[in-house]
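The values are calculated or read from the model by the stated rules, or taken from the named source; none is laboratory data. As the structure is a computational prediction, the values presented were derived from the model and not from experiment. Glycine gets a Cβ as well: all are built from the backbone with ideal geometry, and neighbour counts include every protein chain shown.
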Amino acid sequence: MVFPRQDGTKWTLNEKVFDNLMEESGTGKTERKLNWYFCRNFYRTKRIEEGVDVNLLAEQLGTSVRMIESH
């Protein structure tokens, strides 16, 4: 889980919240066919660009280093 609440539980974000986030950021959700999974990919990409250790990133994302490196 990338963005847990302070108590460690998952956020329960619905499509309307995502729509509002996309609108406020000026991102065309419909044109680009974006969804919540793209936020995960964006997070992964930004952390890699910042030089975060790939082992830590794999642990945060609940995936393997191999999977991160292949994508």
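State which residue is surrounded by the most Cβ atoms within 10 Å (Cβ to Cβ) when the search covers only region 43-63 and only residues that are in a helix (DSSP H, G or I) and of a type in the set (D, E, K, R). Checked region 43-63; the qualifying residue surrounded by the most Cβ atoms within 10 Å (Cβ to Cβ) is R44. The single residue among R66, R40 that is part of a helix (DSSP H, G or I) and either surrounded by 11 or more Cβ atoms within 10 Å (Cβ to Cβ) or at pLDDT below 90 (or both) turns out to be R40.
Screening T30 with (1) more than 27 Å from S64 (Cβ to Cβ); (2) modelled with pLDDT of 75 or more gives one miss only, at (2).
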